[in-house]
Each structure stands twice: as C-alpha cells, then as structure tokens.
1. Those residues that are outside any loop (DSSP other than H, G, I, E, B) and touching a residue at least 60 places away in the same chain (Cβ under 8 Å), I need them from region B:1-34; list them, please.
2. Quick one: in region A:284-306, of everything that is within 26 Å of B:ARG126 (Cβ to Cβ) and more than 8 Å from chain B (Cβ to nearest Cβ), which residue is nearest to the ligand (Cβ to nearest atom)?
3. If you go through region B:154-165 one residue at a time, do you hit one that is at pLDDT 95 or above, in a strand (DSSP E or B) and of a type outside the set (Lys, Arg)?
4. When the residues of region A:208-223 are filtered to those that are more than 18 Å from B:LEU132 (Cβ to Cβ) and open to solvent by 20 Å² or more (accessible area, probe 1.4 Å), which remaining residue is nearest to the other protein chains (Cβ to nearest Cβ)?
5. If you go through region B:18-45, how many residues are more than 7 Å from chain A (Cβ to nearest Cβ) and open to solvent by less than 10 Å² (accessible area, probe 1.4 Å)?
6. Applying the selection to region A:307-335, what residues are open to solvent by less than 40 Å² (accessible area, probe 1.4 Å), farther than 30 Å from B:TYR6 by Cα and more than 8 Å from every other protein chain (Cβ to nearest Cβ)?
7. Considering only region B:46-59, state which residues are at the interface with another protein chain (Cβ under 7 Å from one of its Cβ atoms) and either over 27 Å from B:HIS15 (Cβ atoms) or open to solvent by 10 Å² or more (accessible area, probe 1.4 Å) (or both).
8. Filter region B:112-160 down to the residues that are charged (D, E, K, R) and touching a helix residue (DSSP H, G or I) at 6+ places or on another chain (Cβ under 8 Å) and list them by number.
Amino acid sequence: MNAVVEFVNVLASKPDAVSGYKSFTLGSFTFCRDEYFAHVSWTTRSGKPMSHTLDAGNFLRALMRDVAWGFFYGWVNFDAVIGTVNRYESVDLYAGSYNGTMKEAEIDLLENFPTAQIRATFEQMLDDWTNEGFDPFAAPQETGSAHGRKRGNNTAKVTRARELAKRCVGLKGDLAMRSDTSGAPINRAFADVPQEAPELHPEPGFENDVHAFNLFAFLSRSQVTWNPSFTSVVKYSFMCPTTEEHILPIIHGNDRVEWFFQMCDEIHWDCGDKNTGKPLARVIMKAGDMAAMPAYCRHQGFSPKRSMLLVWENGSPTLAYEIQNGKSPEIPVQF
Amino acid sequence: MTAPKYHTKFGSLAHFEKGGVQSITDDVKHYAFSNCFDIASRARPFEKIVFGQNQIYVLETIRAEGNSPWYTCAHDEFALCMDGEVEIHLIQLDADQQVRDQTKNGAVLVIGEPRGQPMGWMKIRRGHQAMLPRNSAYQFRAAQPAVLIQQTCKGELSIERWADICQTA
Ligand SMILES: [Fe+2]
C-alpha cells in the first residue's frame, strides 16, 4: 500500500537530554538513536506498534550511501528490514515491505515521499547522528567509533561531493586526477600500486584529445569505500569504479541489470531475491572476473582486502520503465 | 608497531585465478560470469569479444597482439589495459572516411589507409585507461600479447560467444 505523504519540513525533536541526539519523524516513521543503536518505529496497517533496531555505525554507513547517491538506482536496503526505493521524482521508504516474512505477516509499512523531503530529513539525521572521529565512508579500520553519546560532528566527511567525470578523468575542465596535494594520498592497502602516468605523445593542438590516465593510481588514492565515481562516459554507459573494503553497507536491489568487473583482489557477493530477500546465489569474484547482477536480485559484497571494482551502469533514464514494461530483460543475456 | 603490508593481486594472461557463481537456487547463466584473461587467452588477436552488455552498450575483451586494423567510431570509446603494454596511434580522420551515419553505434574498420592529420600516440600499461575520441582513426600496437577492455556500444565488429566464455553450470 502506497500512502502519499504531503510535503512537510524536516520534523526533528530537541536533542535528547541524555544521549544528545535528535529524533526525526518522516510520515509514519520515527527514527531515534542512542549510544549503540538506531531505532525505527512505525504503526502497522492494523494499528499495532512495530519497531526495528540497527547498529548505529551500520545505520550511518547505509544512510551515508543513500544520501550521497541521491537514493541511487532502485532499492537501497539498509538491512533485511528497512530501506528506500528510488522512484526518481519521489522515494519510497519502507519497513518490512521487501522482507518475505514481514510482508506475509502484514506488519510492513511503505510510504512515498517527495525526494526533497526525505533527502533533507536524511541529511539532517546523518549530520546530527555522526560524531566527530567517525567517517561513515571509511573502512572500519580507518575510522573511529560511531558509538557513544553525541560529541561534535563530522560534517565535512558526510557532505563530500560525488566525483563524476562528464567525459573522462583528467581532461581539461573535467574531473581532476587525485594527488597528495588534492588531499588524496595513496591508501595503505594500495601502497604497491604503480603510480606512473601513461606515456602521451600528442601532436601540437591535440593535447586534450590524445588522453589516457592511470585509473588504478586514481583508485589507489580513493579516500572512501563503496562509493562509485564516474571516470569515463559513452552516451549513458558509465564506468563507475570504486574501492571496496569490508562490507557493502547496503544491500542493493537494482531496477536494471548492472555489471561488476573485478580489477584486483576479490569480493564475495551474496545475491538474494529482490522482493523477499530469499538467498539465490553467491558470486566469488577475483581479478579479471566479470559478472552481471540480474535485475531481479539484491546483492551485498564482502571485500576481505581493499579492492578495485568497476561497477558498470547503464544510466539511461528510461531503462527502469522499460524493464517494468517488459521491454528490457531482467537477465543480462540469453545463451 | 609496523603497519601491515598489503599485496594487491592483479591478474594477467600468464597467471589468473577465476572465482565463480555458487548457486543456491538460481540459474548460474543469469550472472554471465566470465574472466577477461581467460577470454583473451583463448582469443585471436583483436577479436572484440563482448563480455558485458546492457542494451546498446558493451564491454569487450580484446587480446592485443601485433598491429590491429585501423578503427573509427562515431562516438567516444575507451580502452583499459589489464595486462601488457599497448601503443595507441591516433589520426584525425578526413571527413570522407568518418562513419557516414553519425548515430551508428560501435567501431568500424577504416576503409583503406586512414587519411588525415596525425594526432599523436600513447602507450598504456596495466591500469591505464585511454580515450579513443569520436571520429578519429585508431590503431593498437602490442609487441607482446596484452589485454584490453573496451567501453563502447555494440557494433558490427562485436563478437558474442557467451556459451564459450561464461560459466554454464
Ligand atoms: Fe549494485
């Protein structure tokens, strides 16, 4: 059931007298946090109170991605219970609606919000609940704890802009290469990645056309995990490489086929049914491996060492609707 | 205390390890699982083997070995080197040799010798990604076998042999 909620301003409480954190209300959902947990509560359609609890650090890591990616493509499951679906002008927020058991028990709730409203609420929640010293984009070994009572904030780290090349990284006027001076030192796990630039021999006047860059060096200097950038663009074909370490903080259910090309090291993926979460497959990816994620699945990756993953997306604005209408298949290829 | 030392594991034609799909209840073919080094090790030079596709868009694995033909394309393309060393030579192609239908997807062979102003060349190694600007002519040159991943649209030179390259069971 999709209830449409009228636009309202962000509804935030005063800071809690003990924990120091504000609570937020979005439609029929309430979000509050304490020293260890984020608590989500709602009322079921039959009028019963229902609630869900997540570790505060995991919740903030998921919230960070949802906010930074503008609700991404399709489903951003924070865990097996709560998440969002991007409807591109609006966003569904749900609890239990894509959990087979909870859906069947009819204790789920899904409400639709104007994108601006849920974005503003999530941004304020992320900022209020993230303490100094905790960076939700960093690998767990590279940041402090999310736990405890409210202490300071980390606004700079939770408002990073997404790095999106329009044509190709390193071209004049496009996304710049990363360097020590741009605040992007080489990550400890990529200290052995060669940094030399490609040899370029342009004829005079072709300096911006004869162009190549060291993608692996670019990625070795990523300060974040599980956060794709755009590095090259062909029409709506986006190369979205990213550096991955530990667990993808969300379970992504795409509304289109998406492809993964593992460029070094390895990631293990759990794939499940998009609507129920029922397990479907494990996908073990090593350097050079390519795999598609069918549009009917949700997936979550586990990267034992920081690794380079090329996420390859078709960003066509009509694709999700073509899949819904059966005009584009849910599986990548028939053979 | 010293910081732990990490070893970044890349693959190559000479040495690669494949993972795979471990099915629970699903059809493994739906994941179109392959490996670029495996594909390139069994390919002829400069076959453009599609190993990722999404509507009109593809990623192709190319075994670069020797000199390729000259190609041109009406849209930008990109080549990422995954193993070895490849030179890319570029010519600003005369208008009459460019792709006539500028909405055409994918690379085509240049008919005859490419004519136009030389734009220069570049040499890419593992991890380097090169732009192949629209309406230029380009040629790959590799003294030793190398592996390229090309970001492009599916075209008349794209080869599909999914059953040969993908895990099927
Ligand atoms: Fe995904």
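1. Filtering region B:1-34 for residues outside any loop (DSSP other than H, G, I, E, B) gives B:20-23, B:28-31, B:34.
B:GLY20, B:VAL21, B:VAL28, B:LYS29, B:TYR31, B:SER34 - these are the residues of region B:1-34 that are outside any loop (DSSP other than H, G, I, E, B) and touching a residue at least 60 places away in the same chain (Cβ under 8 Å).
2. So the residue we want is A:GLY301.
3. In the first step, residues of region B:154-165 are kept if they are at pLDDT 95 or above; the result is B:154-165.
Next, from what is left, pick out any that are in a strand (DSSP E or B): B:158-159.
With the extra rule that they be of a type outside the set (Lys, Arg), the set shrinks to B:158-159.
Among the residues of region B:154-165, at least one is at pLDDT 95 or above, in a strand (DSSP E or B) and of a type outside the set (Lys, Arg), which makes the answer yes.
4. Start the filter on region A:208-223 by keeping residues that are more than 18 Å from B:LEU132 (Cβ to Cβ), which leaves A:216-223.
Filter once more, keeping what is open to solvent by 20 Å² or more (accessible area, probe 1.4 Å): A:221, A:223.
On the way: A:ARG221: 13, A:GLN223: 16 Å.
Applying the filter and picking the extreme gives A:ARG221.
5. The number of residues fulfilling the criteria is 2.
6. Step one: list which residues in region A:307-335 are open to solvent by less than 40 Å² (accessible area, probe 1.4 Å), which gives A:307-316, A:319-320, A:323, A:328, A:331-333.
From what's left, farther than 30 Å from B:TYR6 by Cα: A:314-316, A:319-320, A:323, A:328, A:331-333.
Residues satisfying the conditions are A:GLY315, A:ALA320, A:ILE323.
7. In the first step, residues of region B:46-59 are kept if they are at the interface with another protein chain (Cβ under 7 Å from one of its Cβ atoms); the result is B:51-55, B:57, B:59.
Listed by number, the residues that qualify are B:GLN53, B:ASN54, B:GLN55, B:TYR57.
8. The initial filter retains those residues of region B:112-160 that are charged (D, E, K, R), namely B:113, B:115, B:123, B:125-126, B:134, B:141, B:154, B:156, B:160.
Those that are charged (D, E, K, R) and touching a helix residue (DSSP H, G or I) at 6+ places or on another chain (Cβ under 8 Å): B:ARG115, B:ARG126.
The values are calculated or read from the model by the stated rules, or taken from the named source; none is laboratory data. Just so it is clear, the model here is predicted, and its values are computed rather than measured. Please note: Cβ atoms are built from the backbone with ideal geometry, for glycine as well, and neighbour counts cover all protein chains shown. For accessibility, only protein heavy atoms count, side chains too; no ligands or nucleic acids. Shrake-Rupley method; radii C 1.70, N 1.55, O 1.52, S 1.80 Å.
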